[in-house]
Structure formats: C-alpha cells, structure tokens
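Throughout, read-outs are computed from the coordinates displayed, never taken from laboratory work. Just so you know, these numbers come straight off a predicted model, no measurement behind them. Cβ sites come from the backbone with ideal geometry, for glycine too, and all protein chains shown count toward neighbours.
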Amino acid sequence: MNKKVCVVTGTRAEYHLLYPLIKAIQKDSELELLLAVTGSHLSEKYGNTYKDIERDGFSISVKIPILQEKDGPQEINAAISKAILGFSSFYETNRPDMVVLLGDRYELLAAAIAAMNYQIPMAHLHGGETTEGAIDECIRHAITKMSYLHFTSCEPYRKRVIQLGEDPSRVFNVGAIGLENIKNQKRMSLSELADSLNFNLGTYFAVVTFHPVTLENNTAGEEFDQLLKALNNFPDLKIIFTKSNADSGGLVINKMIDDYVNSNPKRCTAVFSLGMVRYLSALEHACAVIGNSSSGIIETPSFCVPTINIGDRQKGRIQAKNILNCPPKSQDIIDAISTALSNEFKEQVKDTKNPYGDGDVSPKILCEIKNFLKNSKINLKKSFYNI
C-alpha cells in the first residue's frame, strides 16, 4: 500500500522552496501526495497564491483558511487555534503516514501540534537555524522537538539539531532546498521579466522585500519608513517590491508599499508574489537585493548579487560574503546601498560561494523519508540524545 505524505504550505515563499520535493513525491509510485494549503495562500490580501499552486499542476487536498481581518497578536493567536482545529480534522479523515514541514511560521506550528497529537511522524526542513529578531526562532526549535526526521541546510545547523537532543541517525545535512530551483529552473531574460511585470525595468533595479521583526514592538512601519527614505536617495534605481508576509505588522508594510508605488509609478512596481521563475529571474538580473528576508541570506549568494540585510530579523544565520548588514536607520541603509552598488564591491563578490549547498536536495530527502516509512524504522518514543 502506498504511504501518504502530507506536505503543508502556508506562504508563497516556502511553497516555492518545497516545489521540487512536492513534485518528487507526486511522481513517486510508492507515495501518495497530500497537499495541505493554509495561511496567506488563501487570502485575497496576500494575493490568493493558492492559484499559483494549482497552475503548477498540483491538486490541493485541503484548504484551511485561518487569517483574520487584522494581524495583531490576538488575531494571530486566533489563526493558530483555527489552524490546529483545521489540521486536526484533516488528519482525522486522511491519516497521513508522514507530515512534511519547512521552516518556522506559526501556521506550521499549528500543523505540527495537530500531527503530534495524532502520532503522525514529521519531517522538518531548515531546522537548527537561528533568527534572533523573530518569533520564528522559538517556533522553529519547537517544531524540531516535535519532528522525527530532520533535513538541515548546513552542517552547523545539523549539529544544533543534535544539540537539541535529536538522534544523529535522524538528522541529515542536505543543503537548502531552494537552491535546487536555482540549479534546475530555466529563468527569464531581462526583457521577458519586464514584459511579465508590464514595467520598464531598464538594467538598473533592486528587489526589495521587507518583513516585520516580530520580536520588536510595533516597529514595522517605522523601520520600513527608514528604508523608503533611504531609497529616495537613489532616484535612478528602479525597484521591484515583493510584499510582506502575514505576520503582525505585515499589513502596515504593504499599505506603505502601495502608497510609495502610487507616488513613484515610473520607478517602482509591487507584487504579492513574483512566483518562483520570475523571482529567481529578478535575483539574477538585479543589481542589488534589499530587505530582511531569509532568501536574501540563503539564495542570493548563488547569483553573486550584492545584498543588504537590514536589522535583526535574520541575525544569527550563516552568511556569504555578498551580504552587507546594517541597522534599520536611513543613513546606514544609504551607506550599505552605496557600497553594494559600487564596482569595488561587485568585484569582491563575483566569485561568492553559497554556504547552503549545491542544490541536490529533494532526492536525498525523498530517499530518507521512504527509507524510514517503508522499513518500519519509526519509533515515536524518542530518547533525548545527550552530547
């Protein structure tokens, strides 16, 4: 009998990372793919990105809507509660043999809690990482402790998962799965990218993605305003904004993006989601990437593109030499952008090596998942591994 593997996705970003693994599970004759879609995928405010999943040819097994009208702490707690109930109902009916989770968002925590109570083993990607400015930090480690199989993006992160008490025989350093898309996906030319956006990019543009720093109190608007003020100092630099995710403060940022684009229509454009191919194409052709997303740390080194990482949201992640860190203050951001756009810095980073692997990831993950599922190797009575 085929084993049911449920992949959970709640945002555009983690779906694009999971794409090659979802595809591999779908094609495998010994596995049955269950695809559970929740979070911002199902919200018009965030672009209804579940449609991208359907356009990619995947059948969505269940849609679990959870987002509230606002994005404050009370509303996020309500979303988590709703997600636990939704995933519980889905697990009760479908009984997956394994649940696959990537990362550290609150909707994934809800999916993990529900799976834990149904005694469904979980495979977790990107555990062991640190992001000291975000609530995601503790969520990630909590999911690690609830999970059975672990697929980390770097060797230091594998060691950290083991430090959390997970047996080394269940922890695998496979590299960052997002690099597989960079390795295998054909990308657009600059003119094709511009046409798809219906926007004249020229040859001098930046990709800007900024998310709330969720361990700070109501700083999203203030910090993003500092970034916008900095961008005003580079009037010839065109900008592609990708909008913020469904964290507390994300709606504030998205409103500010809309206002800024409306005031600078010839210089800027904004999208909820570029989609995988357009996003990777934008990274390839951009002269800089600016913001505080994990993609700026993990994926941009593969393109050797100068990248400005603002503030503490990604503090603690392993970084390549193409990344410049700066505080969320306009003058510091101006200085960082000036450095990133300089010929000297571009020369320094043109041979950047990505510390997150070579992009050969999903076959390794699929092999281990099948190995544990098919050979009855799973014992959820985990012993704490002492180092």
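Name the lysines eligible as straight-distance cross-link partners of K27: C-alpha to C-alpha under 27 Å, and not fewer than 8 places from it in the same chain.
K27 reaches K3, K4, K51, K63, K183, K186, K364, K370, K374, K377.
Got a sec to turn the phi values of region 190-206 into Karplus ³J(HN,Hα) couplings, 6.51 cos²θ - 1.76 cosθ + 1.60 with θ = phi - 60°, whole Hz, x for Gly and Pro?
4, 5, 5, 4, 4, 5, 5, 8, 6, 8, 7, 7, x, 10, 9, 9, 10
Mind pulling the angle between the C-alpha long axis of helix 330-341 and the longest principal axis of the chain? Nearest 10 degrees, somewhere in 0 to 90.
Tilt relative to the chain: about 90 degrees.
Quick check: the angle from helix 73-94's long axis to the longest principal axis of the chain, C-alpha only, nearest 10 degrees?
Between helix and principal axis, roughly 40 degrees.
With a cap of 15 neighbouring Cβ atoms within 10 Å, and only residues DSSP puts in a loop, list the GluC sites (Glu not before Pro) found in region 25-69.
Hits after loop and neighbour filter: E30, E69.
Label-point separation (nm) for A142 and L215, each offset 7 Å from Cα along Cα-to-Cβ?
Taking the simple label geometry, A142 and L215 are separated by 1.5 nm.
Within region 208-274, which trypsin sites (Lys or Arg not before Pro) sit in a loop by DSSP and count at most 15 neighbouring Cβ atoms inside 10 Å?
Those satisfying the criteria are K266.
Quick check: the angle from helix 220-231's long axis to the longest principal axis of the chain, C-alpha only, nearest 10 degrees?
40 degrees
If you take the square roots of the eigenvalues of the alpha-carbon gyration tensor of region 50-186 and sort them as a ≥ b ≥ c, do you get rounded (a/c under 1.5), prolate (a/b over b/c) or oblate?
rounded
Read phi for every residue in region 310-320 and hand back ³J(HN,Hα) as whole Hz from Karplus 6.51 cos²θ - 1.76 cosθ + 1.60, θ = phi - 60°, with x for Gly and Pro.
Result, rounded to whole Hz: 9, x, 9, 4, 9, 4, x, 6, 5, 10, 8.
Please grab the % of Cα pairs in region 243-382 that end up more than 22 Å from each other.
Within region 243-382, distances greater than 22 Å cover 52 percent of Cα pairs.
Would you mind checking the radius of gyration and Dmax of the chain based on alpha-carbon positions, in Å?
Cα radius of gyration and Dmax of the chain are 20.3, 62 Å respectively.
Could you check the spin-label model distance between E222 and K63? Points 7 Å from the Cα along Cα→Cβ, value in nm.
In this crude label model, E222 to K63 measures out at 3.9 nm.
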